[in-house]
Amino acid sequence: MAAGTTRERAAHLGPERRRPLVLDAAFGLFMQRGYESTSMEAIAAEAGVTKPVVYACYPSKAELFEALLGREEERVLGEIQASLPAAADLEDPETVLVDAFTAFLGAVTASPDAYRVVFLGEGGANAAVARRIRRGRQMQVDAVAALARGWFDGRGGEPDSELASRLIAHAIVGLGEAGARALLSEPESWTPQRLGRMLGGLAVRGQSALA
């Protein structure tokens, strides 16, 4: 009876309002079963709607997964962006980096499943995950490079400062990804605070070597 009531209520929702419900249901199933083993019928049952309702929202499982991955990617990138300072403290870059890494890893701890999808590719189609990771990573590198440029300003007009800034940005983003993987794979061994301190130290030593 309760299930019937859910289906009747869902039928009155338009596609825009149904899509988040369908994505929530799909997210849990993809994480539990993986992409290949999750059917549209199973997603419909989990969402409490009929299969035609799911297809009305997303014409194929691939499109549904792309939409889900986009939503989780947006959430993750928003949290990463929020962890970056508005401006870098040129006098104490290590504190800036430790705080940024710690904030980022705290977000990983708070939403582990979203980060498992984005960083570990769990629950999904590998090619789609890889495309999203590459695009999201580039956005992160651009944001960190903008901060890193400040560490080179006023140091004699170093001709390679732009390249050095981007290299540092790639290194910092790579360290953050490594920290996320460590936290997700070995949660009993790490805390965001401990990892943040260690990663911040590693990053600032790399920055010092170039700056």
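Before moving on, here are some points about what is shown:
- Region 1-35: number of residues that are within 10 Å of Val49 (Cα to Cα) and modelled with pLDDT of 80 or more: 3
- When residues of region 143-197 are limited to those that are in a loop (DSSP other than H, G, I, E, B) and among the hydrophobic types (A, V, I, L, M, F, W, C), the one modelled with the highest pLDDT: Trp190
- Yes/no for Ala56 being modelled with pLDDT of 75 or more, of a type in the set (Gly, Ala, Ser), more than 26 Å from Glu177 (Cβ to Cβ) and surrounded by fewer than 19 Cβ atoms within 10 Å (Cβ to Cβ): yes
The values are calculated or read from the model by the stated rules, or taken from the named source; none is laboratory data. Note that the structure is a prediction, hence the values are computed from the model and not measured. Note that we place each Cβ from the backbone using ideal geometry, even for glycine, and neighbour counts take in every protein chain shown.
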